[in-house]
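Q: I'd like to ask some things about the structure below.
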Amino acid sequence: THRALTSRLARGADAHLFALDYRLAPEHPFPAALEDALAAYRALLTDGTPASRIVVAGDSAGGGLALALLVALRDAGEQLPAAAVLFSPWTDLACTGQSMVDNDAADPLFFGAWVKRSARHYLADTPATNPLASPVYADLSGFPPLLIQVSDCEVLLDDSRRVAERASRSGVAVTLRISHDLPHAWQLFAPILPEGRASLRAAGQFVQERLASAIAEARID
């Protein structure tokens, strides 16, 4: 499902890419996906990849998972990656963003009510405001630089805007790119959408710049 996105992102970033096949709800509800993400990240470190050479990325639910991974690593006192790239991230499983209502008829992929039903499958008995399930409610301080790409017609638009605002207030370097009239996670459609290819080129450039900066900072230290 995601090779069109992952291959182009890797090519644009001039980087190796590891795509995690994490466990999915409803068969494996929270925190299974987060446990898998943590295990994969720690395995990369154990295999000799420095945290400063890792950038985490995700789209939609995977974007929220990427943020949750940062929260879990930070809270555990572990090394954080050099940056994170988030494509239309789902960050609020309580679904309280106003764009859930305002963009309900505009989003070509999702209705707000569908997103709310999906949240219950992932959460099971976990409160929707748990910051490891809904990172919009987390303390985002100490995070590495973030790149967020989202469309102005998505029901998840406010999931991106609120995370960007909270991160910025916490002193995190955030780049929020809001595109016009594009479908949710349009980067997946890069083979047929020029906007998807352009967004992935921009994301790849961001990854290259952040990794180069992390290398330079490590040399100074």
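Q: Between residues in segment 5-32 that are closer than 12 Å to His121 by Cβ and residues that are of a type in the set (Gly, Ala, Ser) and open to solvent by less than 30 Å² (accessible area, probe 1.4 Å), which pairs lie under 7 Å by C-beta distance while being six or more apart or on different chains?
A: What qualifies is Phe30/Ala133.
Q: On to the next question. Scan segment 154-169 and give yes if some residue there is among the acidic types (Asp, Glu), in a loop (DSSP other than H, G, I, E, B) and open to solvent by 10 Å² or more (accessible area, probe 1.4 Å), otherwise no.
A: Within segment 154-169 (the criterion being among the acidic types (Asp, Glu), in a loop (DSSP other than H, G, I, E, B) and open to solvent by 10 Å² or more (accessible area, probe 1.4 Å)), the answer is no, since none of the residues qualifies.
Q: While we're looking at this one, here's another question. hydroxyl-bearing (Ser, Thr, Tyr), in contact with a helix residue (DSSP H, G or I) (Cβ under 6 Å, 6 or more places away or on another chain) and either open to solvent by less than 20 Å² (accessible area, probe 1.4 Å) or not in a helix (DSSP H, G or I) (or both): does that describe Thr175?
A: No.
Q: OK, next. For the condition out of contact with any strand residue (DSSP E or B) (no Cβ under 8 Å at 6 or more places or on another chain) and open to solvent by less than 40 Å² (accessible area, probe 1.4 Å), what is the one hit in Ala84, Ala72?
A: Ala72
Q: For segment 95-113, indicate whether the set of residues that are under 30 Å from Ser213 (Cβ atoms) and open to solvent by 60 Å² or more (accessible area, probe 1.4 Å) is non-empty.
A: No, segment 95-113 contains no residue that is under 30 Å from Ser213 (Cβ atoms) and open to solvent by 60 Å² or more (accessible area, probe 1.4 Å).
Q: Does Gly48 satisfy the condition of being assigned to a loop (DSSP other than H, G, I, E, B), farther than 18 Å from Leu176 by Cα and at pLDDT 95 or above?
A: Criteria met by Gly48.
Q: Looking at segment 90-107, I want the residues that are closer than 17 Å to Ala61 by Cα and have a partner that is open to solvent by 10 Å² or more (accessible area, probe 1.4 Å) and among the charged types (D, E, K, R) with Cβ atoms under 6 Å, at least 6 apart or on another chain. Which pairs are those?
A: Correct list of pairs: Cys95/Lys116; Gly97/Asp158; Ser99/Asp158.
Q: Please tell me if Leu38 is under 13 Å from Ala72 (Cα atoms), at pLDDT 95 or above and either among the β-branched types (Val, Ile, Thr) or surrounded by 15 or more Cβ atoms within 10 Å (Cβ to Cβ) (or both).
A: Criteria met by Leu38.
Q: Among what's in segment 1-35 and is among the charged types (D, E, K, R) and more than 24 Å from Ala133 (Cα to Cα), pick the residue that is most open to solvent (accessible area, probe 1.4 Å).
A: Arg3
Q: Restricting to segment 101-147, give me the number of residues that are of a type in the set (Phe, Trp, Tyr), assigned to a loop (DSSP other than H, G, I, E, B) and in contact with a Leu (Cβ under 7 Å, 6 or more places away or on another chain).
A: 1
Q: Condition test on Val150, is it open to solvent by less than 40 Å² (accessible area, probe 1.4 Å), closer than 21 Å to Val55 by Cα and in a loop (DSSP other than H, G, I, E, B)?
A: No.
Q: Also, I was wondering about something else. Give just the number: which of (1) β-branched (Val, Ile, Thr); (2) assigned to a helix (DSSP H, G or I); (3) surrounded by 18 or more Cβ atoms within 10 Å (Cβ to Cβ) does Thr91 not satisfy?
A: For Thr91, the failing item is (2).
The values are calculated or read from the model by the stated rules, or taken from the named source; none is laboratory data. None of these values were measured; they are calculated from a predicted model. Note that each Cβ is placed from the backbone with ideal geometry, even for glycine, and that neighbours are counted across all protein chains shown. With ligands, DNA and RNA removed, areas are computed over all heavy atoms of the protein, side chains included. Shrake-Rupley method; radii C 1.70, N 1.55, O 1.52, S 1.80 Å.
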